[in-house]
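Structure first, commentary second.
Only the coordinates and a few stated rules stand behind these numbers; no lab work does. Computed from a predicted model, the values in this text were never measured in an experiment. Methodologically, a virtual Cβ is constructed for each residue, glycine included, from the backbone with ideal geometry; neighbour enumeration extends over all protein chains shown.
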Amino acid sequence: MTADQIRFDDGAGYEQYMGVWSQLAGASFLDWLDPRPGLAWLDVGCGNGAFTELIVNRCAPASVDGVDPSDGQLAFARTRPSSRTAVFQQGDAMALPYPADRFDVAVMPLVIFFVPDPARGVGEMARVVRPGGLCTAYAWDMEGGGFPYAALHAEVRELGIPVPSAPSPEASRLDTMATLWDGAGFEDVGTHTITVSRTFADFADYWATIRKGPSVSRPLETMTPATVAQLQERLRRRVPADASGRITYTARANAVRGRVPA
């Protein structure tokens, strides 16, 4: 990952910034997936373990493995209660460190747009999942404005400040995801759209949360106090509070699933 791309090193900061969003979307995704209990799961790009925790708590898995390139994220994942069940290790989505036919389900939660070669990552999931098993993903609709902090990114760019981007934003489109799954040879391919909302106590809560984001934390550090104040004012207009001061933001994710041919 190059310097102009997003880096994930702060598991605790990511939890504040994205952990709640991840679990909101993840819960809706699992409702749609409706997996049976007793399966062996692989969480590809598990990050700080937010979605792994959902698998452990909701799916009665036989086992759960999580793989991610970031030591910092994995260190946080190992502090979660799910670490008593899940096994985490460092690895690359495009070269998964597992033998063929190892798992019943592989999932990429909010990850596929970060994979430089999405087709290769999908192929790796197909390789490590047993015949008849599920390969799945859900991702913020990056090009369709579904990212939870799309308004923030837009305002920062309007100020002339570049925001690091994911290498494969097109992979989050519903049609692209379906094409990737069809191209990998999966059967019974299906797609789904997920809409979730998160409420912040007030603007201060919203601002404290967005400052932890790996895509904007470095740009914010380069801003002058006057530019920061200007950004805050623009955001107040863009994401207005209700009568009690709360800010509610809605995000949208796309999901896909398919079976490895038996």
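So the values come out like this:
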| item | result |
| --- | --- |
| Dimensionless Rg ratio for the stretch 141-254, taking C-alpha atoms and the 2.2 N^0.38 Å reference | 1.27 |
| Residue exposure sequence - Trp140, Trp207, Trp41 - by fewest surrounding Cβ within 10 Å | Trp207, Trp41, Trp140 |
| Pairwise FRET efficiency - Ala60 versus Thr179, Cβ, R0 = 30 Å, nearest 0.05 | 0.35 |
| Value of [θ]222 nm, deg cm²/dmol, for the chain, DSSP H segments ≥ 4, -39500 (n - 2.57) each, nearest 500 | -10000 deg cm²/dmol |
| Taking N as its residue count, the alpha carbon Rg of the chain over 2.2 N^0.38 Å | 1.00 |
| Cα-based equivalent ellipsoid, the stretch 150-209: semi-axes from gyration tensor eigenvalues, Å | 33, 18, 8 |
| His153, His192 arranged by Cβ crowding within 10 Å, fewest neighbours leading | His192, His153 |
| Rg(Cα)/(2.2 N^0.38 Å) for the stretch 219-262, N = residue count | 2.08 |
| FRET efficiency estimate (nearest 0.05) - Cβ-Cβ, Ser197 to Asp31, R0 22 angstrom | 0.90 |
| Rounded, prolate or oblate (a/c below 1.5 giving rounded, otherwise prolate when a/b exceeds b/c) for the stretch 62-101 by Cα gyration tensor | oblate |
| Cut-off under 5 Å, modelled amide H: who pairs with Leu42 long-range | Asp65, Val105, Ala106, Val107 |
| Net charge contributed by nearby residues that have their C-beta within less than 14 Å of His192 (K/R +1, D/E -1) | -2 |
| Rg in Å to one decimal, and Dmax rounded to a whole Å, for the stretch 30-156 via C-alpha atoms | 14.6, 46 |
| Lys, Arg +1 and Asp, Glu -1 on Cβ, resulting dipole of the chain about Cα centre, debye, nearest 20 | 420 debye |
